[in-house]
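Q: Input: one structure, supplied below.
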2 protein chains.
Amino acid sequence: MKISVVITLKKDVLDPQGKVIHQTLDGMGFEGINEVRQGKYFEIDTKENDKKKAEAKVEEMCKKLLANLVIEDFKIIGSQ
Amino acid sequence: MKISVVITLKKDVLDPQGKVIHQTLDGMGFEGINEVRQGKYFEIDTKENDKKKAEAKVEEMCKKLLANLVIEDFKIIGSQ
C-alpha cells in the first residue's frame, strides 16, 4: 500500500523559505498572495496491505524520523 | 482561498533523498518498505475567492517557479 504524508511547519513557526517564495512570486507579478508556506511530501510504498496498519507504521516513521515534532506537524493525506 | 499543491519528481527520475530515507528507515527497523519518494508541499493563501481562478493562478506559479517541469510534476490536492 502507498501512503502519502505531508509534513508542515506548525502555524506559529516562522517559514523563511515560504517568505522568500512569496516575495519572488510578488516580483514575478503574481498579485493577491497573502501567504506561502512550504513543507515536505512523502510517498511511502509498503508491503503492508492493511490500510490501518500501514498508516500506523507511517505515523511511527513520522514521529521517529520524518518530522521534527517540536516545530512540525504531519498529516496522512492518502492511502492507495 | 488556500490552495495546497504537491510537487514530486517524475516517476523515472532517480530520487537519492528518498533512497537515503528508505535506508535510514530500514536501519531503524522499519521493515516492509518497497520505496520512499520525497517531494515538496506548498500552501498558497490567495485573496482570490473563485476556486477555478485561484487554482489556475497556482498552476501558473508552479509552471513558472515552484516546479522544474523537466523533472517534476505538480498536483493541486486541496482548495479551501
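The values are calculated or read from the model by the stated rules, or taken from the named source; none is laboratory data. Note that this is a predicted model, so its numbers are computed, not measured. Cβ atoms come from the backbone with ideal geometry, glycine included; neighbour counts cover every protein chain shown. Heavy atoms of the whole protein, side chains included, go into the accessibility calculation; ligands, DNA and RNA do not. Shrake-Rupley method; radii C 1.70, N 1.55, O 1.52, S 1.80 Å.
Q: With the cut-off at 21 Å, tell me which of the pairs B:Lys40/B:Lys75; A:Lys11/A:Lys52; A:Lys10/B:Lys52 have Cα atoms farther apart than that. Provide the component values of the computation, followed by the final result.
A: Values: B:Lys40/B:Lys75 11 Å; A:Lys11/A:Lys52 28 Å; A:Lys10/B:Lys52 28 Å.
The pairs that break the limit, which is 21 Å between Cα atoms, are A:Lys11/A:Lys52; A:Lys10/B:Lys52.
Q: Something else about it: Roughly how much of B:Asp12 is accessible, in Å² to the nearest 10, using a 1.4 Å probe?
A: Accessible surface of B:Asp12 is approximately 140 Å².
Q: If you plug each phi of region B:66-80 into the Karplus form 6.51 cos²θ - 1.76 cosθ + 1.60 with θ = phi - 60°, what whole-Hz ³J(HN,Hα) values come out, in order, with x for Gly and Pro?
A: Here the 3J(HN,Hα) series is 6, 10, 8, 5, 5, 10, 10, 10, 10, 8, 7, 10, x, 9, 9 Hz.
Q: Would you mind giving the average projected area, over all directions, of the Cα convex hull of the protein assembly as shown in nm² with one decimal?
A: Taking the Cα atoms of the protein assembly as shown, their convex hull projects to 9.7 nm² on average.
Q: 7 Å along Cα→Cβ for the label point: how many nanometres lie between B:Asp26 and each equivalent label in the other copies, listed shortest first?
A: Relative to the other copies, B:Asp26 has label-point distances of 4.6 nm.
Q: Residues of chain A: accessible area per residue at 1.4 Å, in Å²?
A: Values: 4530 Å² over 80 residues.
With the other protein chains kept in place, chain A gives 57 Å² per residue.
Q: Pick from B:Glu60, B:Glu43, B:Glu31: which residue has the top mean-square fluctuation in a GNM of chain B where Cα pairs under 10 Å get a spring?
A: Among B:Glu60, B:Glu43, B:Glu31, the largest GNM mean-square fluctuation belongs to B:Glu31.
Q: Can you show me the helix-derived [θ] at 222 nm for chain A, built from DSSP H runs with n ≥ 4 at -39,500 (n - 2.57) apiece and divided by the number of residues, rounded to the nearest 500. Mind showing how you got there, number by number?
A: On the way: 2 runs with 23 residues, N = 80.
It comes out at -9000 deg cm²/dmol, rounded to the nearest 500.
Q: How far is B:Lys53 from the same spot in each other copy, in nm, shortest first, if each label point sits 7 Å from Cα toward Cβ?
A: Ordered by distance, the counterparts are at 5.0 nm.
Q: Just to be sure I understand: if I project the alpha-carbon convex hull of chain A onto a plane and average over all orientations, what area do I get in nm²? Don't skip to the end; give the middle numbers.
A: On the way: hull surface 25.2 nm².
Mean projected area for chain A: 6.3 nm², to one decimal.
Q: What is the gain in length, in nm to one decimal, between A:Lys11 and A:Lys75 on full extension, counting 0.36 nm per residue of separation less the C-alpha to C-alpha distance?
A: Gain on extension, A:Lys11 to A:Lys75, equals 21.7 nm.
Q: Further, regarding this structure: What percent does the relative contact order of chain B come to when contacts are Cα pairs within less than 8 Å and at least six residues apart? Don't skip to the answer; put the middle values down first.
A: Values: 106 pairs, mean separation 44.0, N = 80.
RCO, chain B: 55 percent.
Q: Within region A:2-79, what whole-number % of the accessible surface is contributed by carbon and sulfur, with the 1.4 Å probe and all protein chains included in the calculation? Please list the in-between numbers first.
A: Details: 2170 of 4340 Å².
Carbon with sulfur: 50 percent of the solvent-accessible area.
Q: Still on this structure, I have one more. Given the rotation relating A and B, tell me which residue in A puts its Cβ closest to the axis and the distance in Å.
A: Reported as residue, whole Å: A:Tyr41, 2.
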